[in-house]
Amino acid sequence: MNSKTLISIILSFAGIWAGCDQNKNLIADQREKEVSGLVRYYVNQELKRDSIFLFDKSTNLLTEICINNFLAENKDINLKKEDILNMSQKDTLTWSNKLVPIARIISNNELPKTNSLPDKKRDKEGQLFYLANPIFSKDFSYAILQSSFVCGSRCGERSILLFKKEKDSWTLLKIYCKIEY
């Protein structure tokens, strides 16, 4: 093999590699945009809040039973149980004001301070939510979001929410596995 052929092969592989990297970046950018839009829609339209307290670490408490119920009703969504479990277990998202500018992001250290705020002030500033990193269908037309709301040591609720995107707008389709405590 001559050096021109070898250089040609190396450049071809480099082009393919760069194309793959660029595609990954485009998907990551699309995902970040969809996460932000979905959470903004959820807070403004479904919770009807101007802002919320959002715990900085996302939660990942999806259960197999809930996923089975969800998939039994939604066979047209291009997700498998294994994919959903994998994506929920690898949930390492740290929420930021870049992703959710309408939230006051709090950490474990701030949690006692937030819980000691007077009810009127906490209600005015927002309520404490734990949101999981959303799971999207491959075409970004559906999203699954776990939302947990905490209103005290023995008060709150958790549910799995199914959203659909039509045109450029998200809508809540159904609530699954709602638990109140």
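Taking the stated definitions as given, is Phe136 touching a Lys or Arg at 6+ places or on another chain (Cβ under 9 Å), surrounded by fewer than 17 Cβ atoms within 10 Å (Cβ to Cβ), modelled with pLDDT of 70 or more and not aliphatic (A, V, I, L, M)?
It is false that Phe136 is touching a Lys or Arg at 6+ places or on another chain (Cβ under 9 Å), surrounded by fewer than 17 Cβ atoms within 10 Å (Cβ to Cβ), modelled with pLDDT of 70 or more and not aliphatic (A, V, I, L, M).
Here are some residues: Ser51, Ser88, Ser58, Ser36. Which one is modelled with pLDDT of 80 or more, surrounded by 14 or more Cβ atoms within 10 Å (Cβ to Cβ) and under 27 Å from Asp168 (Cα atoms)?
Ser36
What's the number of the condition Leu79 fails, among (1) modelled with pLDDT of 65 or more; (2) part of a helix (DSSP H, G or I)?
Of everything listed in (1) modelled with pLDDT of 65 or more; (2) part of a helix (DSSP H, G or I), Leu79 misses just condition (2).
Here are some conditions: (1) surrounded by fewer than 17 Cβ atoms within 10 Å (Cβ to Cβ); (2) at pLDDT below 85. Ser169 meets all but one. Which one does it not meet?
Only one criterion in (1) surrounded by fewer than 17 Cβ atoms within 10 Å (Cβ to Cβ); (2) at pLDDT below 85 is unmet by Ser169, namely (2).
The values are calculated or read from the model by the stated rules, or taken from the named source; none is laboratory data. Quick caveat: nothing in here was measured; it's all calculated off a predicted structure. When we count neighbours, we look across all protein chains shown, and the Cβ atoms used for this are built from the backbone with ideal geometry, even at glycine.
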